[in-house]
Amino acid sequence: ALLCIAAIALNAQNLISNSSFEDGLSEWNPGSWGGGEANITISTDYVSEGMNSAKIAVIADAPDATYKIYIRKQSLVLDTSKEYTLSFDILSASGKEETFGVTLYSHENISGTAWGVTFAEDALAFSGDGEWKSFSFDFVPQELAGSPDFGAMGLMFGFSKNITTYYLDNVVLKAKDSDSGDDETEISGNVYHVSKDGNDDNNGSEVAPFL
């Protein structure tokens, strides 16, 4: 008789909990400062994953700084020896070109030991045509500016450049498998030959001992 143990693919864990806003804005920190103002709520009008998305309706812009209107995920831990993939979906139905930013940083006001940046795309552009746009970035955590505290990082999206309405959904941050280059690790399967009458005195690893 043959006992087969199938191979199993283990997906790397998404570090972003409530990544598609199914629990509302739980575990996310929305806000604004320095003149930027927006209503940040949950919407079912446009959805790319699950039933909800985050809706960022900008009332007053602050073009001098991308992150004066933001939604942020805190308490992220990054390993500087690993490569990560950050991906997300964004939409606007404004009918014009829109811009936004995304950064991974640390700061004393989000429990970090110091200010520092490890990833930043401050002027991302897309067409506000009412269709979801998917963005994906691969990066290895490093010191881009300041002294990042990799044990207390914040992922922040900034929307203060334009008066418009954005929708954000399906935010994923995963470590890539170092061997395969993707986010899956495969556990190899094994085949064992076992006794038909249950009196197997060997460890089951010999090749076809009962044929």
Residue hits (the range 1-45; touching a Lys or Arg at 6+ places or on another chain (Cβ under 8 Å), aromatic (Phe, Trp, Tyr) and at pLDDT 95 or above) are Trp28
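To keep it simple, each residue is scored yes or no on (1) in contact with an Asp or Glu (Cβ under 9 Å, 6 or more places away or on another chain); (2) without any contact (Cβ under 8 Å) to a residue 24 or more places away in the chain; (3) open to solvent by 70 Å² or more (accessible area, probe 1.4 Å).
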{"residue": "Ser92", "(1), (2), (3)": "yes, no, no"}
{"residue": "Glu97", "(1), (2), (3)": "no, no, yes"}
{"residue": "Tyr105", "(1), (2), (3)": "no, no, no"}
{"residue": "Ala114", "(1), (2), (3)": "yes, no, no"}
{"residue": "Ala120", "(1), (2), (3)": "no, no, no"}
State whether one or more residues within the range 51-68 are under 18 Å from Ser134 (Cα atoms) and open to solvent by 60 Å² or more (accessible area, probe 1.4 Å). yes
Would you point out the residue of the range 122-169, among those that are buried (at least 19 other Cβ atoms within 10 Å of the Cβ) and without any contact (Cβ under 8 Å) to a residue 60 or more places away in the chain, that is farthest from Ala62 (Cα to Cα)? Asp149
The one condition in (1) buried (at least 16 other Cβ atoms within 10 Å of the Cβ); (2) within 17 Å of Asp23 (Cβ to Cβ) that Thr85 fails to fulfil: (2)
Note: among Ile42, Ile90, just one is among the aliphatic types (A, V, I, L, M), part of a strand (DSSP E or B), touching a Gly at 6+ places or on another chain (Cβ under 6 Å) and closer than 19 Å to Val172 by Cβ, namely Ile42
For the range 160-185, name all the residues that are modelled with pLDDT under 95 and part of a strand (DSSP E or B). Glu184, Thr185
Condition met for Trp33 (under 21 Å from Leu86 (Cα atoms), touching a Phe, Trp or Tyr at 6+ places or on another chain (Cβ under 9 Å) and surrounded by 13 or more Cβ atoms within 10 Å (Cβ to Cβ)): no
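The values are calculated or read from the model by the stated rules, or taken from the named source; none is laboratory data. In this text the structure is predicted, and so the values were computed from the model without any measurement. As a convention, Cβ positions derive from the backbone with ideal geometry for all residues, glycine included, and neighbour counts pool all protein chains shown. Heavy atoms of the whole protein, side chains included, go into the accessibility calculation; ligands, DNA and RNA do not. Shrake-Rupley method; radii C 1.70, N 1.55, O 1.52, S 1.80 Å.
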